[in-house]
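Chemist: Would you mind keeping the following structure in view while I ask a few things?
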Amino acid sequence: MIDPSILRSDPDRLRESQRRRGESVTLIDDLVVADVAKREAQQRFDELRNEQKTLGKRIGPLQGALKKAADDGARITAQAELDVLMAQAQELAEQVKAADESADAAGAALDALWLQVSNLVNLESPVGGEEDFVVLAEVGTPRDFAAEGFEPRDHVELGQLLGAIDIDRGVKVSGSRFFYLTGPGALLEIALLNLAMQQATAHGLIPMITPTLVLPSAMEGTGFLGQAAENVYRIESDDMYLVGTSEVPLAGYHSDEIIDAGQLPLRYAGWSSCYRREAGSYGKDTKGIIRVHQFDKVEMFVYCRPEDAEAEHARLLEWEREFVDALEIPYRVIDVATGDLGSSAARKFDMEAWIPTQGTYREITSTSNTTEFQARRLRIRMRDADGTRPLATLNGTLCAMPRVIVALLENHQQADGSVVIPPALRPFMGGREVISPV
RNA sequence: GGAGGUGUCGCCUAGUCCGGUCUAUGGCGCCGCACUGCUAAUGCGGUUUGGGUCCGCCCAUCGCGAGUUCAAAUCUCGCCACCUCCGCCA
């Protein structure tokens, strides 16, 4: 949710943001109307309710006086006065009830509209659709396998040769887009987890292992029940959701809290399984483990002052790069275009790793500055000398296991099908330097 | 899963039986001011959160929701969380 006061002070800013995203601009006009209607309805209720309370305060003492009335004359006078008041109060009660209902309805209508409004885009974000990203950096040089004299194998074949990935049995047990990590593949994930957590804790992030099943409020607060809803698994019998990223439980962690500004920034590194339906991706990445329904991920999440958010965003990107640098994988960094930000992000940087057998870069990390958007929805605020106000939240991938494993296997393979483990990872692999075909 | 108990503005707490002067009491903590060589102590004032505002105030908020009533922290119903006991269980 965006600061509602902007709707009154500068609605064109909202319109411009919607326009850049390629989302509805007329929605803002509807909001303006609904906002006025809501305030009018609320004010009417407030006034009537005030009247009702004022009147009610006279009834109690009068009833007391009636009980203590000394003689019949006084009793009759008091009773008559009370009857008049009660008649007024009864009529007022009906009006209050009606006003309350229309104020509630106006409020609900306004809230429903607000939920459709995506976050204000950062004006630096390139305008356009998925293809309109800007490349910020390109790091490392893709290997020239032709010059080395062999055809690179894809990660599916390598995974099989090494006994590291078992896709067939994943499909047998759980259906398409599921897999097992086996032997060295499982050890590789554990090593990556350890390397990621070592780096995270070195930078002062707090390690977290989070719930992966959450209530609707957490899912909605993080903005995943909007455009992304079709990719979320819902447990119908218990009205809960499986998270697609630990961003959800990490954001929900401080929901309904007011955090002392002195404690900020709060930085977490959460490890969890992630579940994605991948609806609408039929035919894409059907082979291999680039796009799967369940995987594990280490996610960074930051709560900070809104004025520090852009610097934090740069920091998250730096930490992501540090991790991929350590793995010696060629990559590029892109500034994601406004049409591809998702509802929560004001700005988003993706890292894309070079995948030799695809001859292209594929997303392996994503870091978003969601400014105060999620914090407002989740009622997370900070308190400083200026009072209480929403804070900013940011998130960034430190290590999404399957895609990093794909990049490692494909980029570090040798002619005989073995794979060299990058030195940074070796301490977490018992010193092993190479994984060889079984 | 079953039985009983509890849920009040940061923390603790009064109020709930018997509805109205609750505009929610008191203590601790915190903030400001005064006094003070400094600290402490003491005194005075402030201290839930959100919304509206003609900047006087007004409205909502007592775990959440619904209901009864002229009027609900208080009565009724449903839900949630926690505690105790029983059952089951990795």
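Chemist: Run the helix sum for chain A: -39,500 (n - 2.57) per DSSP H stretch of 4+ residues, divided by residue count, reported at 222 nm to the nearest 500 deg cm²/dmol.
Modeler: -14000 deg cm²/dmol
Chemist: Sticking with this one: For a label point 7 Å from the Cα of A:Arg389 along Cα→C-beta, name the residues of region A:273-316 whose backbone N is under 14 Å from it.
Modeler: From region A:273-316, the list is A:304-309.
Chemist: At q = 0.07 Å⁻¹, work out log10 I(q)/I(0) for chain A with the Debye formula, treating every Cα as an identical point scatterer and leaving solvent out; two decimals please.
Modeler: Computed log10 I(q)/I(0) values: -0.46.
Chemist: Subtracting the Cα-Cα distance from 0.36 nm times the residue separation, let me have the gained length for A:Asp46 to A:Arg58 in nm, one decimal.
Modeler: Net length gain for the segment: 2.4 nm.
Chemist: How do A:15-21, A:342-348 rank on mean C-beta neighbours within 10 Å, highest first?
Modeler: So the peptides A:15-21, A:342-348, ranked by packing, come out A:342-348, A:15-21.
Chemist: Which of rounded, prolate, oblate describes region A:168-228, given a ≥ b ≥ c as roots of the alpha-carbon gyration tensor eigenvalues and a/c under 1.5 marking rounded, otherwise prolate only if a/b is larger than b/c?
Modeler: Because a/c hits 1.5 or more and a/b fails to exceed b/c, region A:168-228 counts as oblate.
Chemist: Which ³J(HN,Hα) values, rounded to whole Hz and listed in residue order, are derived for region A:231-237 from phi using the Karplus coefficients 6.51, -1.76 and 1.60 in 6.51 cos²θ - 1.76 cosθ + 1.60 with θ = phi - 60°, glycine and proline given as x?
Modeler: 9, 9, 7, 10, 8, 5, 4
Chemist: Here's another thing I want to ask about it. Using 0.36 nm times the number of residues separating A:Gln358 and A:Ala89, minus their current alpha carbon distance, what extension gain do you get?
Modeler: Using 0.36 nm per residue and subtracting the Cα-Cα distance, I get 89.2 nm.
Chemist: Take each of the peptides A:273-284, A:293-304, average the number of other beta-carbon atoms within 10 Å over its residues, and list them starting from the highest. All intermediate terms of the calculation are to be shown ahead of the outcome.
Modeler: On the way: A:273-284: 13.7, A:293-304: 23.3.
Ranked by mean Cβ neighbours within 10 Å, highest first: A:293-304, A:273-284.
Chemist: Moving on. Could you tell me which of A:Leu391, A:Ala407, A:Trp319 has its Cα farthest along the dipole of chain A towards the positive end, charges placed at Cβ (Lys, Arg +1; Asp, Glu -1), taken about the Cα centre?
Modeler: About the Cα centre, the residue reaching furthest to the positive side is A:Leu391.
Chemist: Ranking A:Leu264, A:Leu115 by Cβ neighbours within 10 Å, fewest first, what do you get?
Modeler: If I rank by nearby Cβ atoms, fewest first, I get A:Leu115, A:Leu264.
Chemist: Ok, one more. Suppose R0 equals 41 Å; then what is the FRET efficiency for A:Gln263 and A:Gln116 from their Cβ-Cβ distance, rounded to the nearest 0.05?
Modeler: 0.80
Chemist: Please give the peptides A:178-184, A:375-381 ranked by average Cβ packing (other Cβ atoms within 10 Å per residue), highest first, as a rough proxy for protection.
Modeler: Top of the packing list down: A:375-381, A:178-184.
Chemist: Something else: Scan around A:Asn122 for amide H atoms under 5 Å from its own, H built in the peptide plane at 1.01 Å from N, and keep only partners 5 or more places away or cross-chain.
Modeler: It is A:Arg347, by chain and number.
Chemist: Something else about it: Could you please rank A:Glu148, A:Glu410, placing first whichever residue has the fewest other Cβ atoms within 10 Å of its Cβ?
Modeler: Values: A:Glu148 11, A:Glu410 24.
The order, fewest Cβ neighbours first, is A:Glu148, A:Glu410.
Chemist: How far apart, in nm, are the 7 Å Cα→Cβ label points at A:Asn231 and A:Thr182?
Modeler: Each label point lies 7 Å from its Cα, and together they span 3.0 nm.
Chemist: Using the basic label-point model (7 angstrom from Cα toward the beta carbon), what is the A:Val32 to A:Ser418 distance in nanometres?
Modeler: The two pseudo-label positions are separated by 7.0 nm.
Chemist: Okay, next question. Sticking with the crude label model, points 7 Å out along Cα→Cβ, report the distance from A:His203 to A:Asp10 in nm, one decimal please.
Modeler: Modelled inter-label distance: 3.0 nm.
Chemist: Which Cα, out of A:Gly342, A:Gly288, A:Trp271, lies furthest along the positive dipole direction of region A:242-369 (beta carbon charges, K/R +1, D/E -1)?
Modeler: Selected residue: A:Gly288.
Chemist: Taking the Cα centre of chain A as origin and charging only Cβ (+1 Lys, Arg; -1 Asp, Glu), how large is the dipole, in debye to the nearest 20? All intermediate terms of the calculation are to be shown ahead of the outcome.
Modeler: Details: 46 positive and 68 negative charges, 167 e Å.
In total the dipole reaches around 800 debye.
Chemist: If you take every residue apart from A:Val298 with its C-beta less than 14 Å away from the C-beta of A:Val298, what net charge results, scoring Lys and Arg +1 and Asp and Glu -1?
Modeler: Result for the neighbourhood of A:Val298: -3.
Chemist: Length gain on complete extension for the stretch A:Asp256 to A:Asp168, per 0.36 nm per residue less the alpha carbon to alpha carbon distance?
Modeler: Length gained, A:Asp256 through A:Asp168: 27.2 nm.
Any read-out appearing in this document is the output of simple, stated calculations on the displayed coordinates, not a laboratory observation. Owing to the predicted nature of the structure, the values given are computational and were not obtained by experimental measurement. Neighbour counts run over all protein chains shown; Cβ positions are idealised from the backbone, glycine included.
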